[in-house]
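The values are calculated or read from the model by the stated rules, or taken from the named source; none is laboratory data. Not measured: the values here are computed from a predicted model. Counting neighbours? That spans all protein chains shown, and the Cβs are built from the backbone with ideal geometry, glycine included.
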Amino acid sequence: MNPRAKTATLARSDESVDWTALRDDFPILRETVNGHPLVYLDNAASSQKPHQVIDAVRRYYEHDNANVHRGIHELSNRATEAYEGARQRVADYLNAGSREEIIFTRGTTEGLNLVANTWALDKLRQGDTILLTEMEHHSNLVPWQILANRIGAKLDFIEVTGDDGQLDLQWLDEQLARARLLSLTHISNTMGTVNPVAEICARARAAGVVTVVDAAQSAGHALVDVQGIDCDFLTFSGHKTCGPTGIGVLYGRRELLEAMPPYQGGGEMILKVGYRDSTFNVAPHKFEAGTPNVAGAVGLHAALDYLDTIGRKAIFEHDQRLAKRACEHLAEIDGIRIFGPAEGRSGLVSFVLPDAHALDLATMADQKGVALRAGHHCNQPLLAKLGVAATTRASFYFYNTEAEVDRFIEVLHGVRKLFV
Ligand code: C6P
């Protein structure tokens, strides 16, 4: 274990939480859809928001709203305090060394594009290799393709072994020896695989390879400790962690951030501007041009408080328990293909039925109030490798219940009867 990792944190167990009572915090869970109680199983796409987050955003707009870092007036000071307070909260949540290592972005996608267009564009040269995995979301693939085409760099991939969704790490050291940067997902949004990112980043560090972790599917569900993982960059989205849309986070190791060129130009990111030249602000402000999403940061702060009050260990165990229950029931269906690892998967399950198309299934489940996702899940190359055009995905969160898993299975059986 890395000595800087946060060890004793958030160790509350699954059994000590009243999961059903937590549902009352989420107004949207009282919705009915097509005349049925909503069963929301599309949490990997976006989570729902507790009233604590909604109230925090409302309170900010009703009492503190102004621009940040600019005014000398009271409201601007309050807004600045709220914004920088949120930055500190994120630093604590990720166990970052300091809040200067936290950049606010629009989401995971922007975090990855930021690294590609700053550190990587500055440091990588023609012929350099960027190492990815075959299970990356398009957000962690397309920015690297654009960069590679621009500078003449090469892409290499850690292979996925098959339907079990494991990374084939047997060639990792050889691949790292040829690479300058490794960017990989912590949890796969299609397979539910939890990748051993700390082990992989340690091997990358030994090979002198800079690491980027896509924590879109893990930050709201599990303990994500940047010093424990010992990565160089890590990014996530607020909207998947009970926070608002339009706000996200990029963590960057301080030494790297300080040496990096800015991302976008504009207000906030400068120290002094002349007609022909400018000097830039220090990190993280150097990477946050223009008026930031202050209300989003305030909402994210409330969301992270909310998640830590429950406990991330307990949340992860709960998610896993629901996914396991769903997998056990799904496995009883003849000819079903379930993707992802048999053991240790995160709280989501993706599958293909022999007799019903994924999109038809999700459409008909919606008629019964069950929200699923169907399609390629922004994983087109992975699905092509697996030989499927689309899967149906159920993704769980702490406010889902066992009764909802059973309802999903019941609806699935009902829909199948229409096809066979
Ligand atoms: N996956 C899903 O339904 P943004 O859109 O920037 O908040 O997150 C992008 C992203 C990046 N990496 C991973 C692993 C992701 O799962 C996602 C978003 C959603 O699976 C929408 S496609």
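Structure summary
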quantity	calculated
Residue match in the stretch 56-64 (condition: in a helix (DSSP H, G or I), of a type in the set (Val, Ile, Thr) and touching a His at 6+ places or on another chain (Cβ under 8 Å))	no
In the stretch 58-90, residue surrounded by the most Cβ atoms within 10 Å (Cβ to Cβ) [restricted to those that are under 12 Å from Ala295 (Cβ atoms) and of a type in the set (D, E, K, R)]	Asp64
Ala365 within 15 Å of the ligand (Cβ to nearest atom), surrounded by 15 or more Cβ atoms within 10 Å (Cβ to Cβ) and not polar (S, T, N, Q)	no
Residues (in contact with a Gly (Cβ under 6 Å, 6 or more places away or on another chain) and crowded, with 20+ Cβ neighbours inside 10 Å) located in the stretch 277-318	Asn293, Gly296, Gly299, Leu300, Ala303
Top-ranked residue of the stretch 12-38 - restricted to ones that are of a type in the set (Val, Ile, Thr) and under 24 Å from Glu410 (Cβ atoms), ranked as surrounded by the most Cβ atoms within 10 Å (Cβ to Cβ)	Val33
Check on Ala45, modelled with pLDDT of 95 or more and within 16 Å of the ligand (Cβ to nearest atom)	yes
Residue tally, condition within 12 Å of the ligand (Cβ to nearest atom) and either in contact with a Lys or Arg (Cβ under 7 Å, 6 or more places away or on another chain) or among the hydroxyl-bearing types (Ser, Thr, Tyr) (or both), over the stretch 375-404	4
Test: residue in the stretch 230-240 that is farther than 20 Å from Ala116 by Cβ and of a type in the set (A, V, I, L, M, F, W, C)	no
Selection status of Leu155, within 19 Å of Ser346 (Cβ to Cβ) and surrounded by fewer than 22 Cβ atoms within 10 Å (Cβ to Cβ)	no
Number of positions in the stretch 239-276 that are farther than 16 Å from Ala96 by Cβ, among the β-branched types (Val, Ile, Thr) and crowded, with 21+ Cβ neighbours inside 10 Å	1
Unique match (being within 24 Å of Val224 (Cα to Cα), free of Cβ contacts under 8 Å to residues at least 40 places away in the same chain, more than 14 Å from the ligand (Cβ to nearest atom) and assigned to a helix (DSSP H, G or I)) among Gln52, Gln88	Gln88
Counted residues, the stretch 367-405 - those being more than 17 Å from Phe26 (Cβ to Cβ), of a type in the set (Gly, Ala, Ser) and in contact with a strand residue (DSSP E or B) (Cβ under 6 Å, 6 or more places away or on another chain)	3
Filter result for Val273 (touching a Cys at 6+ places or on another chain (Cβ under 8 Å), over 23 Å from Asp14 (Cα atoms) and free of Cβ contacts under 8 Å to residues at least 60 places away in the same chain)	no
Options Ala356, Ala342: the member that is modelled with pLDDT under 95, touching a Cys at 6+ places or on another chain (Cβ under 9 Å) and away from the ligand (no atom under 16 Å from the Cβ)	Ala342
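Each row is one residue, and each column tells you yes or no for (1) of a type outside the set (Phe, Trp, Tyr); (2) closer than 24 Å to Thr109 by Cβ; (3) in a loop (DSSP other than H, G, I, E, B); (4) in contact (Cβ under 8 Å) with a residue 60 or more places away in the chain.
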residue	(1), (2), (3), (4)
Ile200	yes, yes, no, no
Gln217	yes, yes, yes, yes
Ala222	yes, yes, yes, yes
Gln227	yes, no, no, yes
Cys231	yes, yes, yes, no
Tyr251	no, yes, no, yes
